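A.B. asks: Shown below is the structure under consideration.
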Amino acid sequence: MTPIPELGHSLSHLFYQEDKRRFWSADRSAFLLYATIAGKRIVLGDPAGSEADGRAALRQFLTQGGASDKKKCLFYQMSASYARLLEQQGFRAMKTGEEAIVDLVGFHTGGKDWVKLRTKINRLERDGYRCEVLLPPLAASTISEARAVSDAWLGGKREKSFSVGSFSEAYVAAHPIAALRAPSGELLAFVTLAEYERPEEGRRIAVDLMRYREGTPPGGMEVLFVRMLQWGQAQGYEACSLGVSPLSNACDGRLWMKAVRFAARRHYNFEGLRHFKAKFRPRWEERYLAYPGRSAALAMLHVAALVHRRRGVQGVPADVAGASVAVSSSNS
């Protein structure tokens, strides 16, 4: 696996999707990921670095250069501790979901709670299905197979961006992938993995893209995830992020939020996603949207517009392709 270049978090790898920039602290000990839309700078996730360095970077982001106007800043998928810090800076915070974290130290599939999943694993592997983890650089034939699976999974729909990964051959080729193959050897499903390191919490991995084609057997994705988690454990990783379940336990009584949940069910199976992740016994960490002013609904609309924004050449959003977004001299 490629070496870890710097401290990060479970979303840091999304910088390489090219629709985001980094804001570095003055001493380059921590950074924030952000993108712009409609004059707003939207930060994704906590600052990467130690908590002390991350807090310093956050304060610098709010006070330096063009980011000095707090009304132009939004913070999406922040942890509870950073949400509280932003509240101290005059922002409001609203829970928007929960991130599933599987602790790999001590992870096991023994006991009666795992009986059904063990049965699925045994049946599928007895029938000739197999899982493997492939490390970069990936063979061109593997990338081609992954492209076919991804295209089938999308079914002609446009990729989302910003807070989720999207398929490109260069991006996938640079990451390890966990793959599920049929008895014939055909690639049925894959998951890309990103690695990161957190201060005092060790080396971790995060699930990024998750794609599968029609014909993947029932239980196939559960088998793939178990084998992936066992591989991560054997490699000495401390934990694995299964990603955020949007809107999970996040309906806080606001009528418009309930309307959002109702409308979103038509396009996205939030409850099903959480149920799937819960099968692997994760702990759930709350994630927040921090916003200035009083309109949480408007802040959510800005985030949604960024996630669904049409991408330009090489993954750069069409409305900023070729343009520079200056916040301070510490951007990259």
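A.B. asks: Spin-label point model (7 Å from Cα, Cβ direction): what's the Ser81 to Lys112 distance in nm?
C.D. replies: In this crude spin-label approximation the distance works out to 3.8 nm.
A.B. asks: In nm, to one decimal, how far is the modelled label at Ala26 from the one at Arg59, with both set 7 Å along Cα→Cβ?
C.D. replies: Calculated label separation equals 1.0 nm.
A.B. asks: Could I ask something else about it? Amide H of Arg130: which non-local residues (sequence gap of 5 or more, or other chain) have their own amide H closer than 5 Å, using H built in the peptide plane?
C.D. replies: For Arg130, whose amide H was placed from the backbone, the distant partners under 5 Å are Arg181.
A.B. asks: Rounded to whole Hz and in sequence order, give me ³J(HN,Hα) for segment 217-227 from the Karplus expression 6.51 cos²θ - 1.76 cosθ + 1.60, θ = phi - 60°, writing x for Gly and Pro.
C.D. replies: Karplus-based 3J(HN,Hα) across segment 217-227 equals x, x, x, x, 5, 5, 4, 4, 5, 4, 5 Hz.
A.B. asks: Leaving ligands, DNA and RNA out of it, work out the accessible area of Ser168 with a 1.4 Å probe and give it in Å² to the nearest 10.
C.D. replies: Spelled out: Ser168, probe radius 1.4 Å, area about 40 Å².
A.B. asks: So, with +1 on the Cβ of K and R and -1 on the Cβ of D and E, and no other charges, what is the size of the charge dipole of segment 67-142 about its Cα centre, to the nearest 20 debye?
C.D. replies: 240
A.B. asks: Using 1/(1 + (r/R0)^6) with R0 = 30 angstrom and r between the beta carbons of Leu154 and Tyr16, what's the FRET efficiency to the nearest 0.05?
C.D. replies: Computed FRET efficiency for Leu154 and Tyr16 comes out at 0.90.
A.B. asks: Kindly report, to the nearest 10 Å², the accessible surface of Arg41 as traced by a 1.4 Å probe over protein heavy atoms only.
C.D. replies: Here the accessible area works out near 30 Å².
A.B. asks: May I ask you to compute the full-extension gain from Ser141 to Ser184, defined as 0.36 nm times their residue separation minus their alpha-carbon distance, rounded to one decimal in nm?
C.D. replies: Gain in length upon complete extension: 13.9 nm.
A.B. asks: Determine the sum of side-chain charges near His302: Lys and Arg each +1, Asp and Glu each -1, restricted to other residues whose C-beta is under 11 angstrom from that of His302.
C.D. replies: Around His302, the charge tally is +4.
A.B. asks: Moving to a separate point now. How big is D, in µm² s⁻¹, for segment 147-201 by Stokes-Einstein at 10 °C and 1.306 mPa s if Rh is the Kirkwood radius over C-alpha pairs?
C.D. replies: 120
A.B. asks: Under a straight-distance cross-link criterion of Cα-Cα below 30 Å, which lysines are reachable from Lys72, leaving out those fewer than 8 residues away in the same chain?
C.D. replies: Output for Lys72: Lys20, Lys40, Lys95, Lys160, Lys258.
A.B. asks: Separate question: How big is the dipole moment of segment 13-137 about its Cα centre under a simple scheme where the beta carbon of each Lys and Arg is +1, that of each Asp and Glu is -1, and everything else is neutral? Debye, nearest 20, please.
C.D. replies: The calculation lands at about 360 debye.
The values are calculated or read from the model by the stated rules, or taken from the named source; none is laboratory data. These numbers were taken from a predicted model, which means no experiment stands behind them. Don't worry about glycine lacking a Cβ; one is built from the backbone with ideal geometry, like all the others, and counts go over all protein chains shown. Accessible surface is based on the protein model in full, side chains and every heavy atom, while ligands, DNA and RNA are left aside. Shrake-Rupley method; radii C 1.70, N 1.55, O 1.52, S 1.80 Å.
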